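The structure appears below as structure tokens.
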Protein chains: 2
Amino acid sequence: MSTPQTLDRTLLAIADPTRRAILQRLSSGEARVTEVAQPFSMSLNAISKHILVLERARLVKRRRVGREHFLSYRSEPLDTAAKWIDETRNFWASRLDTLEKLLREEDEAKR
Amino acid sequence: MSTPQTLDRTLLAIADPTRRAILQRLSSGEARVTEVAQPFSMSLNAISKHILVLERARLVKRRRVGREHFLSYRSEPLDTAAKWIDETRNFWASRLDTLEKLLREEDEAKR
DNA sequence: TTGACATTCAACCAAAAGGTTGAATATATT
DNA sequence: AATATATTCAACCTTTTGGTTGAATGTCAA
């Protein structure tokens, strides 16, 4: 469920501004594909593809009702991504050479 | 400094497992390019390119001493990325329809 | 100065990403 | 039954990505 590939897919999915915008659009609740596509200047098909990327990354769930597809946000992948990032950051924040790093950066700032 | 493009570059950079491994390697402190490349099965040139991607994303800083290039980790980009992710997550966590979502998911779990 | 070492540059390649257009499918509406 | 709507599928194109190999550059060491 949380293989490294999943993390790859999550990060890749949110690395695109269009897809981040789609996720944010879904914050106001479920929306159909056409509704999601409406504000963008690119074709419906392009958005359809972006949605597929988000879906493969499990960031978006699809609920089919007749010919309409309702999309909604799923939180797990971002939780996992946040975990990786925070672990990495915390590790660094706690390293013994933090002081050394600070000094080195301060040193460089003087040039 | 923190344009959306920067966020794109950061997320794209850490979406690759090799590059995440490089960052983690740098947790044990500065390292030269060859040292960083050593554990990987791919060519030095490939790693050199990965480092360039990390550098363009400002995740890695390079300090040249003679023929040797010392690489070190920089924390700002991950801070920014974490901020975006956390904002998105917090927004969702606080949405009124959280209950509705939970119920819907519970409902699905029964199948 | 000759040779080894650390690193990048350049050219190339295959695969993936991100977009387009046009046709297909499935469902609603009249 | 005919038409309109919602969405995807398929083919295509261009750019980017991630890798390769071989040559170039710059620095250290004999």
Exercise for review: Could you tell me which numbered condition B:Gln24 fails, if it satisfies all but one of (1) within 13 Å of DNA strand C (Cβ to nearest atom); (2) closer than 24 Å to A:Ala81 by Cβ?
Suggested key: (1)
Check your understanding: Just to be sure, is A:Ser41 near DNA strand C (Cβ under 10 Å from one of its atoms) and not in a helix (DSSP H, G or I)?
Key -> yes
Review point. Is there a residue being more than 15 Å from DNA strand D (Cβ to nearest atom), away from chain B (no Cβ under 12 Å) and either buried (at least 18 other Cβ atoms within 10 Å of the Cβ) or not small (Gly, Ala, Ser) (or both) anywhere in region A:7-28?
Key: no
**Study point:** Criterion (surrounded by 13 or more Cβ atoms within 10 Å (Cβ to Cβ), among the basic types (Lys, Arg) and assigned to a helix (DSSP H, G or I)) met by exactly one of B:Arg62, B:Arg89
**Key:** B:Arg89
Exercise for review: Only one of these is among the small types (Gly, Ala, Ser) and at the interface with chain B (Cβ under 10 Å from one of its Cβ atoms): A:Ala57, A:Ala37, A:Ala82. Name it.
Suggested key: A:Ala82
Practice item. Go through region B:29-53 and count every residue that is over 26 Å from A:Arg19 (Cβ atoms), within 9 Å of DNA strand D (Cβ to nearest atom) and crowded, with 16+ Cβ neighbours inside 10 Å. Key: 1
Study note, to complete from the structure: When (1) within 12 Å of DNA strand C (Cβ to nearest atom); (2) more than 12 Å from A:Ser72 (Cα to Cα) are applied to A:Ile51, the one that fails is (2)
Exercise for review: Would you please list the contacts, defined by Cβ atoms under 9 Å and residues six or more apart or on different chains, that run from a residue in region B:26-47 that is modelled with pLDDT of 95 or more to a residue that is within 9 Å of DNA strand C (Cβ to nearest atom) and part of a loop (DSSP other than H, G, I, E, B)?
Suggested key: B:Ala37/B:Ser43
Review point. Given (1) modelled with pLDDT of 95 or more; (2) more than 10 Å from every other protein chain (Cβ to nearest Cβ), where does B:Leu103 come up short, assuming only one miss?
Key: (1)
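The values are calculated or read from the model by the stated rules, or taken from the named source; none is laboratory data. Quick caveat, the model's predicted, so the values are computed rather than measured. As a convention, Cβ positions derive from the backbone with ideal geometry for all residues, glycine included, and neighbour counts pool all protein chains shown.
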